[in-house]
Amino acid sequence: MFRSLLLFAVMGLSVAGAKSYDVTFDSATKVGNVELKAGKYSLAVMDDAKVRFTNSNGQAVEASAKVTTSEKKYQNTQIDMKQVNGSAQVNEIDLGGTKTKIQFE
């Protein structure tokens, strides 16, 4: 009985830690070390150096990132982008409802 309760608790914690956030890119976009096609993605923070983007078909790619905590909680998810050689490139994503800041190089 104790083993099954412990297993259930561990499984619950792993699911709870895998919160994802929806982001949409209107055009092909470079995010860290990966290129994403235009579309809607589910973003999950893997650890302090990696994030995962999953598209609507379930295909996932991981990008290198610097994940930090800011002093203030972000009201909405915000994406800071710039144009580099005619292509969109993400600098930073601030996750709404959290203090999580994701920076890409």
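Reported count of residues in segment 36-57, each being loosely packed, with under 13 Cβ neighbours inside 10 Å and farther than 20 Å from residue 68 by Cα, is 5.
I'd like to check something: does segment 46-61 contain any residue that is of a type in the set (Phe, Trp, Tyr), under 12 Å from the mean Cα position of the chain (by Cα) and either at pLDDT below 95 or outside any loop (DSSP other than H, G, I, E, B) (or both)? Yes, there is a match, as at least one residue in segment 46-61 is of a type in the set (Phe, Trp, Tyr), under 12 Å from the mean Cα position of the chain (by Cα) and either at pLDDT below 95 or outside any loop (DSSP other than H, G, I, E, B) (or both).
Can you tell me which residues in segment 67-105 are in a strand (DSSP E or B), among the hydroxyl-bearing types (Ser, Thr, Tyr) and over 16 Å from residue 42 (Cα atoms)?
We begin by selecting, within segment 67-105, every residue in a strand (DSSP E or B); these are 67-69, 78-84, 87-94, 100-103.
Subset that is among the hydroxyl-bearing types (Ser, Thr, Tyr): 68-69, 87, 100.
Hits for segment 67-105 are 68, 69, 87.
Within segment 21-33, the residues that satisfy the criterion of being assigned to a strand (DSSP E or B) and surrounded by 14 or more Cβ atoms within 10 Å (Cβ to Cβ) are 21, 23, 25, 29, 30, 31.
The values are calculated or read from the model by the stated rules, or taken from the named source; none is laboratory data. These numbers come from a predicted model, not from an experiment. Note that we place each Cβ from the backbone using ideal geometry, even for glycine, and neighbour counts take in every protein chain shown.
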